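This structure is in structure tokens; I'll ask about it shortly.
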Amino acid sequence: MHKNDRSQTDPEPYKRRFGSGLVPGGRHAERAGYYLALSPDGQSWLRAGRFTPTPAELAAIRQEIHYSSDEFHRRIEDPELLRHFPNALDMSAPQLTRPPRGYAADDPELPWLKLKSFGVGRLFSDEEALGPDFIDRVVAGIAAARPWVEFLNTALHAE
């Protein structure tokens with residue numbers, strides 16, 4: 001597949017990645033979902049969550065985390081989720097430098113409220129991606145992430 005390279009510095013004329021999203025309602029739906037990308041050099045990954053949400057979606061997710069913090073922690077600390085996504089919630093995602101409007105600077109949930117993207121993810125080596133059990137591992141990862149995605153979709157009123 002050709003890529004649009006008008007604003008790219010990479011001279012490669014083809015994409016080196018194949019990706020797919022599993023989001024009820026399609027890729028532009030205001031819902032959390034699952035994303036798989038296959039790429040060489042150990043850059044294949046599986047992610048689950050809501051990435052780059054709109055400001056209204058961000059506000060809804062933050063409110064759900066604030067109001068349902070026990071449930072939020074239960075979901076992101078779930079042993080099955082952590083077995084498939086050992087790094088848990090991606091805290092390296094872009095975040096605010098100050099508390100979001102309406103939240104106190106001493107809010108115990110502040111590290112999560114400052115996030116601008118809410119997802120878990122994991123990389124696969126080329127050997128894993130080419131292994132005979134790869135599809136089973138992806139399906140198991142999606143199943144493990146389902147409670148997390150349901151939490152986000154509850155916040156987005158998209159159950």
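The values are calculated or read from the model by the stated rules, or taken from the named source; none is laboratory data. Small disclaimer: the values here were computed from a predicted structure and weren't measured. In this analysis, Cβ positions are derived from the backbone assuming ideal geometry, glycine residues included, and neighbour counts consider all displayed protein chains. In case anyone asks, the SASA skips ligands and DNA or RNA and just uses the protein heavy atoms, side chains included. Shrake-Rupley method; radii C 1.70, N 1.55, O 1.52, S 1.80 Å.
Of (1) without any contact (Cβ under 8 Å) to a residue 12 or more places away in the chain; (2) closer than 20 Å to Gln43 by Cα, Leu123 satisfies all except one. Which?
So the condition that Leu123 fails would be (1).
Test Thr97 against the criterion of being over 13 Å from the mean Cα position of the chain (by Cα), surrounded by fewer than 18 Cβ atoms within 10 Å (Cβ to Cβ), β-branched (Val, Ile, Thr) and in a loop (DSSP other than H, G, I, E, B), and give yes or no.
Numbers: over 13 Å from the mean Cα position of the chain (by Cα): yes; surrounded by fewer than 18 Cβ atoms within 10 Å (Cβ to Cβ): yes; β-branched (Val, Ile, Thr): yes; in a loop (DSSP other than H, G, I, E, B): yes.
Considered against the rule, which asks whether it is over 13 Å from the mean Cα position of the chain (by Cα), surrounded by fewer than 18 Cβ atoms within 10 Å (Cβ to Cβ), β-branched (Val, Ile, Thr) and in a loop (DSSP other than H, G, I, E, B), Thr97 comes out as yes.
Does the stretch 16-34 hold any residues that are free of Cβ contacts under 8 Å to residues at least 40 places away in the same chain, touching a Ser or Thr at 6+ places or on another chain (Cβ under 9 Å) and open to solvent by 50 Å² or more (accessible area, probe 1.4 Å), and which are they?
Residues satisfying the conditions are Arg16, Arg17, Phe18.
Can you tell me which of Glu127, Glu109 is open to solvent by less than 40 Å² (accessible area, probe 1.4 Å) and over 16 Å from the mean Cα position of the chain (by Cα)?
Matching residue, one of Glu127, Glu109: Glu109.
In this structure, does Leu81 turn out to be without any contact (Cβ under 8 Å) to a residue 60 or more places away in the chain, touching a strand residue (DSSP E or B) at 6+ places or on another chain (Cβ under 8 Å), within 18 Å of Val149 (Cβ to Cβ) and open to solvent by less than 20 Å² (accessible area, probe 1.4 Å)? Walk me through how you get there before you give the answer.
On the way: without any contact (Cβ under 8 Å) to a residue 60 or more places away in the chain: no; touching a strand residue (DSSP E or B) at 6+ places or on another chain (Cβ under 8 Å): yes; within 18 Å of Val149 (Cβ to Cβ): yes; open to solvent by less than 20 Å² (accessible area, probe 1.4 Å): yes.
So Leu81 does not fit the description; no.
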